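Visitor: Once you've had a glance at the structure underneath, I'll fire off some questions.
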Amino acid sequence: MHGTSYRPFYPRCRHFCLRNLDFDKPPDATVMSHNLIDIVADGDTLIILPVGDTSDTGGSVSDVGAVVDEESVVDGEKDWADVETITDPKVIANQETGTTANESIRAAKRLKLSDGSHAEPETGTTEASQETFHFRVSMRHLVLASPRAKAVLQGPFKESTPHESDGLLHWQLAPIFDPTAFETVMRIVHAQNKKVPEEVTLEQLANIAAIVDDLQCQESVDFFASLWAKKLAIKPPEEINVDLARCILISTVFGLKGLYESSTLQAILSSTGAMPVFGLPISPDALDAIDNARKDLLRRRLRRLLTIAEKYKNPRLCLSCRAGSLGLMHVNMHANNLPMDSSKELTNESLKQLDIKVKCFAYPQVDYRDLCKALHKQHGLHPSLEEDINHFIKHFYTNIPKLKLR
């Protein structure tokens, strides 16, 4: 699952501080000065991480990390505002090496007009869409932790040859990773444990998992991932959303068996088709297992439901009661768009939706069995669709197998 084998994920940055930027220069002219993160100050390798334009992600833009200098606007003309450096240790996670990453890249570039109002940069501007982070690291540490890095930096590729501009090895990654998450992984790989956060959010842990999966450095990060997951006390949501996808990604990358079982179970119960990945690099094997389990359980539940109708074909039962129950079964199945043929597949249907449909079956207000029982005195031969359906509902979620993490 490397390179472009999965759909690009464009995460947002977290703790990025801009210092003395000259916005009149083209982006490449300032990229080294304000986006260089020294994991190892005398490192021999430069990892280049472009960040895609996050303006379409729907996230909010924060003003943390930048303030606007009013003197930057002269005679009412628009100009990029100067940015004052923030020195709050809560904002700057790494005082010794300078910058870290922040999701408010665009906020730091707000325009301030002569009337005191602010204007955001237009979506898709060159400055916003071509933000690049440079991480100076040690190749020795990196290749020991990451088989993929070893293959790239020590293989027959251009990345294994020092760059003529600075004598460092250059490795440019695709713009699909969160810079803060990448810095965290690099800190762990280089045994800088004091600079590793004690807690992360579910989104941040998923961002880290995506990087760890790509670099194949699970052994180095597993310990921290287990601690973070334990502190989060992750409970998968009971609906299909990006957080459920994050839970599946985290559990597969870090081998969290309990989380994998609970999150895939929710996906099996709630999915109406293939589990959406929301741009996350979830294992195709896990996605196939979820979809196959969902389809198998739908087939089994439909067959179990239709065995009720088969029961009413028994000639030993009261003719009036079985005819009434069978007819009522057909009416309810048709009303809820459910097939009376077990060979047909339930498409675009989730197990939870099937459960709701069956719970919505309608029944007569008067129990027609009362008259039959009074006439025939044979209580055991008078079936009731309502009773049989209630029994079906009671055991609807029993014997659902949990997926095992491979």
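Coordinate-derived values only; no laboratory data. Since the model is a prediction, treat every value here as computed from it, not as a measurement. Every residue, glycine as well, gets a Cβ built from its backbone with ideal geometry; the counts of neighbours run over all protein chains shown.
Visitor: Which order do TYR397, TYR312 fall in if you start with the one that has the fewest other Cβ atoms within 10 Å? Don't skip to the end; give the middle numbers.
Guide: On the way: TYR397 14, TYR312 19.
Ascending Cβ contact count within 10 Å gives the list TYR397, TYR312.
Visitor: Among CYS318, CYS247, rank each residue by its count of other Cβ atoms within 10 Å, from fewest to most, as a rough exposure measure.
Guide: Details: CYS318 20, CYS247 26.
Starting with the residue having the fewest Cβ neighbours, the order is CYS318, CYS247.
Visitor: So if I place +1 on the C-beta of Lys and Arg and -1 on the C-beta of Asp and Glu, and nothing else carries charge, what would the dipole magnitude of the range 197-339 be about its Cα centre? I want it in debye, nearest 20.
Guide: Roughly 1500 debye for the range 197-339.
Visitor: Also: Using the alpha-carbon centroid of each, what span in Å lies between the range 237-281 and the range 207-228?
Guide: Going from one Cα centre to the other spans 17 Å.
Visitor: Moving on to the next point. Say each of GLN353 and ALA174 gets a label point 7 Å from the Cα, pointing the same way as Cα to Cβ; how far apart are those two points in nm?
Guide: Once both label points are built, they end up 3.1 nm from each other.
Visitor: Something else now. Using modelled backbone amide H atoms (1.01 Å from N, in-plane), which distant-in-sequence or interchain residues come within less than 5 Å of LEU169's amide H?
Guide: Placed amide hydrogens put THR45, LEU46, HIS163 under 5 Å from LEU169.
Visitor: Which is farthest toward the positive dipole end of the range 250-310 among PHE254, PRO281, LEU305, measuring Cα position about the Cα centre, with Cβ charges +1 (Lys, Arg) and -1 (Asp, Glu)?
Guide: LEU305
Visitor: Quick one: which of 298-306, 149-157 comes out on top by average Cβ neighbours within 10 Å, and what's the full order, highest first? Write down the numbers at each step before the final one.
Guide: Numbers: 298-306: 16.7, 149-157: 14.9.
Order by mean packing, descending: 298-306, 149-157.
Visitor: For ILE389, ILE47, which order do you get if you count the other beta carbons within 10 Å of each Cβ and list the fewest first?
Guide: In increasing order of surrounding Cβ atoms, one gets ILE389, ILE47.
Visitor: If the only charges are +1 at each Lys and Arg Cβ and -1 at each Asp and Glu Cβ, what is the size of the charge dipole of the range 123-244 around the Cα centre, to the nearest 20 debye?
Guide: 580 debye
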